[in-house]
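Visitor: Could you have a look at this structure, given as structure tokens, before my questions?
We did not get these values from a lab; they are worked out from the coordinates using the rules stated. Here the structure is a predicted model, which is why all the values come from computation and not from measurement. Glycine also receives a Cβ, built like all others from the backbone with ideal geometry; neighbour counts cover every protein chain displayed.
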Amino acid sequence: MATETVSAAPLNDSALNGRYHRIALNVFAFIVIAHWAEHIAQAIQLWVLGWPPKQALGVIGALYPPAFTSEWMHYGYALVMLAGLFALRKAFTGTARTWWNISLGIQVWHHFEHLLLLVQALTGWHLANRPVPTSILQLVAPRVELHLFYNAIVFIPMVVAMVRHLRPSPSERAVMACTCAARA
């Protein structure tokens, strides 16, 4: 039988990680799902509709192409993800915190990759003398597939964390500072 380790120390009772945690988590989830919708739309445009890569820009990119090609927009989203994962972390307890930390750790790397892309776009220097800004793992995987992968491996542990957070064990519930958990 596995033993759960739950810190007995009270969590930070700030408003964000206290009474407003559930609403903040819902807003964050909406942003993440909207971003996923963009990636899925682009994948459908590429692989189902057969659009050429320069036309497969997702929904926002189809309406306003400069948004899709802007490294600032992509970096901004990576930064919002990193900030959201960090800011909402304190309210998570037990196994939910573990899964949230996994998502946060992966997002740190994903953010670094976007920072590298932004620096290249701003300076004109490109990794490995590529003609366009290139992330480290783009040296071995195409950008669309790589970013679908990155978003999936950040999203999956985040969802597991949210489910565990909303349905905590009794010992996890006892140390929660927020009211996110479903009633027993």
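Visitor: What whole number of Å gives the distance from the Cα centroid of the range 33-79 to the Cα centroid of the range 107-184?
Guide: Distance between centres, Cα-based: 17 Å.
Visitor: Then there's this: What number, in percent, do you get for the relative contact order of the range 41-159 if the mean sequence gap of Cα pairs under 8 Å and at least 6 apart is divided by its residue count?
Guide: 21 percent
Visitor: Treat the count of other C-beta atoms within 10 Å as a stand-in for reagent exposure and order Lys54, Lys90 from fewest to most.
Guide: Fewest-to-most Cβ neighbours within 10 Å comes out as Lys54, Lys90.
Visitor: Rounded to the nearest 10 degrees, what's the angle between the helix 143-166 long axis and the longest principal axis of the chain, both from Cα atoms, 0 to 90?
Guide: For helix 143-166, the angle is close to 10 degrees.
Visitor: Give me the distance in nm between label points sitting 7 Å out from Cα along the Cα-to-Cβ direction at Arg22 and Leu127, one decimal.
Guide: A separation of 4.2 nm, rounded to one decimal place.
Visitor: A follow-up question, please. Going by how many other Cβ atoms sit within 10 Å of their own, how do Leu104, Leu79 line up, fewest first?
Guide: In increasing order of surrounding Cβ atoms, one gets Leu79, Leu104.
Visitor: Compute the Kirkwood hydrodynamic radius of the range 21-174, taking the inverse of the mean of 1/r over all pairs of distinct Cα atoms, and give it in Å to one decimal.
Guide: About 16.7 Å, per the Kirkwood formula over Cα pairs.
Visitor: When Leu85, Leu139 are ordered from fewest to most other Cβ atoms inside 10 Å of their Cβ, what list results?
Guide: Leu139, Leu85
Visitor: For the chain, what is the calculated [θ] at 222 nm in deg cm²/dmol (nearest 500), taking -39500 (n - 2.57) for each run of four or more DSSP H residues and dividing by its residue count?
Guide: Helices in the chain give a 222 nm mean residue ellipticity of -20000 deg cm²/dmol.
Visitor: Below 8 Å between Cα atoms, with a sequence gap of 6+, how large is the relative contact order for the range 76-137 in percent?
Guide: Once normalised by length, the contact order is 27 percent.
Visitor: Report the full-extension gain for the segment Ala67 to Phe112: residue separation times 0.36 nm, less the Cα-Cα distance, to one decimal in nm.
Guide: Going from the current span to full extension adds 14.2 nm.
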